[in-house]
Structures are given as C-alpha cells and as structure tokens.
1. Of the residues in region 113-150, how many are away from the ligand (no atom under 16 Å from the Cβ), modelled with pLDDT of 95 or more and surrounded by fewer than 17 Cβ atoms within 10 Å (Cβ to Cβ)?
2. When you look at residue 62, is it surrounded by 19 or more Cβ atoms within 10 Å (Cβ to Cβ) and either over 18 Å from residue 240 (Cα atoms) or touching a Phe, Trp or Tyr at 6+ places or on another chain (Cβ under 9 Å) (or both), yes or no?
3. Under 6 Å between Cβ atoms, which residue pairs at least 6 apart in sequence (or on different chains) link something in region 241-262 that is closer than 17 Å to residue 48 by Cα with a partner that is within 13 Å of the ligand (Cβ to nearest atom) and in a helix (DSSP H, G or I)?
4. Show me the helices (runs of 4 or more DSSP H) entirely contained within region 253-331 in which 2 or more residues are more than 24 Å from residue 218 (Cβ to Cβ).
5. Take residue 298 and decide whether it is within 30 Å of residue 60 (Cβ to Cβ), open to solvent by 40 Å² or more (accessible area, probe 1.4 Å) and free of Cβ contacts under 8 Å to residues at least 40 places away in the same chain.
6. Using beta carbons and a limit of 6 Å, which pairs, at least six apart or on different chains, have the first residue in region 52-73 and touching a residue at least 12 places away in the same chain (Cβ under 8 Å) and the second one open to solvent by 80 Å² or more (accessible area, probe 1.4 Å)?
7. For residue 194, are the conditions met, namely being open to solvent by less than 10 Å² (accessible area, probe 1.4 Å) and either in contact (Cβ under 8 Å) with a residue 40 or more places away in the chain or touching a Cys at 6+ places or on another chain (Cβ under 6 Å) (or both)?
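The values are calculated or read from the model by the stated rules, or taken from the named source; none is laboratory data. Quick caveat: nothing in here was measured; it's all calculated off a predicted structure. All Cβ positions, glycine included, derive from the backbone under ideal geometry; neighbour counts span all protein chains shown. Accessible surface areas use protein heavy atoms only, side chains included; no ligands, DNA or RNA. Shrake-Rupley method; radii C 1.70, N 1.55, O 1.52, S 1.80 Å.
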Amino acid sequence: MFETLLPPKQDAIIALMQAFAADTRTDKIDLGVGVYRDEDGCTPVMRAVKSAEARIVAEQDSKSYLSLAGDAAFLTAMERLLLGGAVPSSRVAAVGTPGGTSAVRQICELVRTTRPDAVVWVSAQTWPNHLPLIAAAGLASRPYRYLDAGGGGLDHIGMFADLEQVNAGDIVLIHGCCHNPTGVDLGLQDWAELAALLSRRGAVPFVDMAYQGFGEGLEDDAAGLRHLAARLPEVLVAASCSKNFGLYRERVGIAMTIVPEPQRTTLAAALASLNRQAFAFPPDHGGRVVSTILGDDALRHDWQGELDAMRNRVQENRRALATALRNATGSDRFAALGVQNGMFSMLPLTPDQVASLRKDHGVYVLDDGRANMAGLSARNIERCAHAIAQVAR
Ligand code: LMR
C-alpha cells in the first residue's frame, strides 16, 4: 500500500529542533523553535498554571465528554481576553482546538466548506506552517509584501498595493502581534487602513494571535484585532495559549468567528461539526487551566505579572543583542533587532551564513535567519554576537 509513498517535506522548525538535539557541542545555542526560555535556558511551568492544575486535580470529579466546542468557561474567558468587549458576544462563535495550529486549520476548513475558491493572502514572510495548513485544507494562497527592503520595518506601500488586488470573499491572514518571523508589527494607523481596505474590497481578515502578551502587553497586543472586529462584519480568529500560558504541549487553542448576529448559531454549529470530523472533542485540561486562571483574580494577577516579566526579559535580550552586534560589527546593520517586537526577528544573513553559524559556531537559527530572542541569555549573548559578526563579514 505504501510502496510509492514519498517522505514528506520536513517542516523547517521541526528539522531544526532535531538538528539541535543531535548536536553534541555543550556550548550550542538554540534560537530556533519559538518557546520562551528563562536565563537558565528552561521553559518553566508558570506559577499560576501550577496552582490552577493543583486546584483542578483536587476538585475535578469527572473527565467525561463535554461539548464538541469544549468547555464554555474557556471559550468565554478567551473571548474576553482576545476581544475585550469590542463586539457583543451575540456575534461570536468559537470552539476549542488542539493548539493554535488546529485553530488555523479549522478556520481554513470552514472557509473551504463555504467558499472553496477563496484565496488566502499571506504575508510574504510568515510562520513556516501557514502555507502547508492552508494547502492541506484545499485552499489557494497568495503572498502580500510585508518586510521592507532594509529588513527593519513594514513595507507599507508594498503591502497595501498587493492587498488592493484582493477579491470580495478572499481571506487576508494577519499576525495579530509579534509577527513571526519578522518581529515587525502593524501600528494602529496600519490597522485602521487595513480595516478600511478590507471593508472596501469585501475581503475577510483572519487574525492569527499566537503571542498575545509578548509584544506591548495583553491589551495593546489585541488592539488591532479589536479594531477590525468593531468595524467589519466578519472576522476570523485563530489563537493559541501555548506561549502566553506556557502550555505548549497541552495544546490549547481557539477557532473563533465574528459574524453578524443572525449567523452566529449556524457558525457555532459549523465549527462544532468540523471539530467532530477532525478530532471530535478538543483537549480539556489546558483550557481548564486557562479558564481557572482567568476566572480568579489572584491567579490572573500572578499570571500577568509572570507574563510581563517574560516579555521584559525578551525585550532586554533584543536590546542587548543589538548593542553587542553594534560593538562586534562597528555598524548599525543589526539595529532593527533592538526595536522589533515579540520573540522573533530575522537576522539579515544569507542561507550560507546561517549554515556557517550553525556548523562553525553551534548557533541555531532558521534558514531564513529567524532567531528566537528568548533563547538568549547573559551567558551567551556576547558569544552569539561575535559568531553572527564573524559569519556576516
Ligand atoms: C514557532 O514558530 O517556532 C512555534 O510557533 C512553534 C511551532 O509550532 O512552529
């Protein structure tokens, strides 16, 4: 049966994780996969998560099935976290999913069931799994320009010129904050222009929110999404709790649609039905941890404090690397790293330079130069900057 099966093309992030694990050098530096790391290189279980888990273990009296949409308390808490009341709940239909990845997939499946000819417009630089997920759902995609020629900021003119070509019913995928891989985010003015363009063209935004809390803060990071939600009739959302709750392997995500009120019930049923076809019931434990934290003032306060500290650490790493690179290269070539947002930035290196960084210095970044700033620490920043300066010469 499988004689003709070819090995699938490997995902760039998973391949890099494997290469890093196989490297026996003790001073290797992992700036690959997007997980938060502390100063000791550990990805901690957050304090509030530990407390919520203890409470759940003590109090939970059944693990029987819930609804196909998952736990209602999780969905309500996430709606509040993402939308902050920007639209009435009567316009929101959502389901839990195994991680943000499945949320992206389920939204694409939803689009295909209703509009199979829709084109999904994706920023030219994006998370390596976006295009495979869109293709696996049977949808076509097209790129829009995103990063400017200098690699430091948004190619505003290019992006908006490309998006002028969207057709009514097309989908425009946008990173809600902490753009992965560039670290370049839309400003409020850009979001306002985007809302106006999408409204004029009749296209539907699809906001992927995987890093809320890692950019400017929980509220500011959701400002763009909320702006679109308040102004457009339809908005699609995929969100992940992997990073901001540190629940990576628990797989906690949400697929959400914001629609005109009369369509809400149908959308809720359509999303539930798609869950049934893909995995039936979403995982419960991680979502229950999230709703326990968000529903308890003390736990929420502690979680937010720890998240703020994580964000500040990543920002300090960025600034320290930019400074170390200026000292090591005697130039401002890497200055943008210091002001970009979230976990990632793209080092302006060629694929050969990236390969040399890995082979000759044990510093692991993705082939496109994407580097996870959370992987840096006071111990390795200088060495990292010198390695980058050396390969960039
Ligand atoms: C990343 O971009 O590295 C993370 O979102 C992990 C993943 O699933 O790719």
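1. Residues that pass the stated criteria total 11.
2. no
3. Within 6 Å, the pairs are 242/248.
4. By residue number, 264-278, 297-329.
5. Here the answer is yes, as residue 298 does meet what is asked.
6. From region 52-73, the pairs are 68/276.
7. no
A quick yes/no check of all residues on (1) part of a helix (DSSP H, G or I); (2) among the acidic types (Asp, Glu); (3) more than 16 Å from the ligand (Cβ to nearest atom):
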| site | (1), (2), (3) |
| --- | --- |
| 8 | no, no, no |
| 25 | no, no, yes |
| 33 | no, no, no |
| 44 | no, no, yes |
| 52 | yes, no, yes |
| 55 | yes, no, yes |
| 62 | no, no, yes |
